[in-house]
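Each value in this text was obtained by applying a stated rule to the coordinates, not by laboratory testing. These figures come from a predicted structure and were not determined experimentally. Glycine gets a Cβ as well: all are built from the backbone with ideal geometry, and neighbour counts include every protein chain shown.
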Amino acid sequence: MTNKNSKVPDVKVHMPQAKQHNFAFCLLPFAFERERTGFTMVEIVIMLAIITLISSAVLVSFPSTLGSISTQISAQRFALALRQTQNQALAVRTVEGPEGPIIPRAVGIHADLTAPGVFFSFADLNVNHIYDASDIIIQEFGFDRGVRIVDIFDDGGRSQGAINIVFTTPSAETTLYNESDSIGQFVSVGVQAPGGELMRRVRIHITGQISIE
C-alpha cells in the first residue's frame with residue numbers, strides 16, 4: 001500500500017549547455033521583431049535611391065521609344081491609305097465632284113517633301129497620273145506626333161521631291177510618277193520622327209504590292 005504522506009520526488013530536466021544557447025539564439029529574432037515597428041532611415045534612403053535610378057532610366061529611354069512607336073504607326077497609316085485608295089479603284093466608288101457624285105477614271109495618293117507632315121488621296125480626273133489643279137482631293141491624312149516624310153527614292157536610287165501613286169479603275173493598275181514623269185518599277189518612301197533613330201520605309205511596286213520595311 002502506498003503511503004499518503006510520502007512525497008513525489010522532484011524530476012528535473014537537464015538541458016545540455018549547447019542546446020540552451022541555441023534555444024536562446026532562436027528566440028532573439030522574435031524579440032527584435034516585436035520591438036521593430038517601421039523602416040530605418042538607412043532603408044528609406046536606399047529605397048528612394050533605387051526608385052530614382054529606375055525612374056531616370058525610364059525617362060531617358062521614353063522619348064526614343066515613343067518616337068519609334070510613332071514612326072511605326074505613321075508608316076502603317078501611309079500603307080493603309082495606299083491600300084484603301086487601291087481598293088477604291090477596284091470597287092469603282094464615286095467621289096463628290098463639283099456638280100455631284102462622279103466615278104473617277106483613276107485615284108491616287110500624293111506626297112510631297114515640301115509638306116512632309118501630310119499627304120492626301122485624290123481623284124485623277126484627266127488621268128495624267130499626277131495631281132494638278134483639275135483634280136479633286138478626296139481625303140487628307142497626317143502623321144503621328146511630328147513624324148514626317150524624310151526622303152523618296154525611285155528604283156534607281158534617285159531622290160524625288162514628290163510622288164504620285166495612281167490606281168486606274170477598275171483594274172487598279174499602278175503607276176508611279178514624280179511631278180511630271182514616270183519613275184520606274186517601284187518607289188520607297190521613308191518616314192521618321194524628329195530626332196528619332198528608327199526609320200520605316202513604305203515600298204510601292206507597279207504590280208500593286210505595298211510593304212513596310
Item checked: Whole-Å semi-axes of the stretch 57-212's equivalent ellipsoid (Cα gyration tensor) -> 29, 17, 13
Note to self: Need one number: nm distance between label points at residue 137 and residue 94, each 7 Å from Cα along Cα→Cβ, rounded to one decimal.
What the structure shows: 2.4
Checklist line | Packing-based exposure ordering (other Cβ within 10 Å, fewest first) of 41, 47, 199 | finding: 41, 47, 199
Check: What order do you get for 182, 68, 74 when you list them from fewest to most C-beta neighbours inside 10 Å?
Finding: 182, 68, 74
Next item on the list: Just flag the trypsin sites (Lys or Arg not before Pro) in the stretch 98-166 sitting in loop per DSSP whose Cβ has no more than 11 other Cβ atoms within 10 Å.
Entry: 158
Margin query: I need the calculated FRET efficiency for the pair residue 206 and residue 151, taking r as the beta carbon distance and R₀ as 30 Å, to the nearest 0.05.
Written below: 0.90
Next item on the list: Starting with the fewest neighbours, write out 103, 130, 149 ranked by other beta-carbon atoms found within 10 Å of each beta-carbon.
Entry: 103, 130, 149
Next item on the list: Evaluate the charge dipole of the stretch 76-143 about its Cα centre and quote only its size in Debye, nearest 20, assuming +1 on the Cβ of each Lys and Arg and -1 on the Cβ of each Asp and Glu.
Entry: 340
Notebook entry, point to check: What size of dipole, in debye to the nearest 20, comes out for the stretch 57-212 about its Cα centre when the only charges are +1 on Lys and Arg C-beta atoms and -1 on Asp and Glu C-beta atoms?
Noted result: 580
Notebook entry, point to check: If r is the Cβ-Cβ distance from residue 158 to residue 73 and R0 is 22 Å, what FRET efficiency results, to the nearest 0.05?
Noted result: 0.20
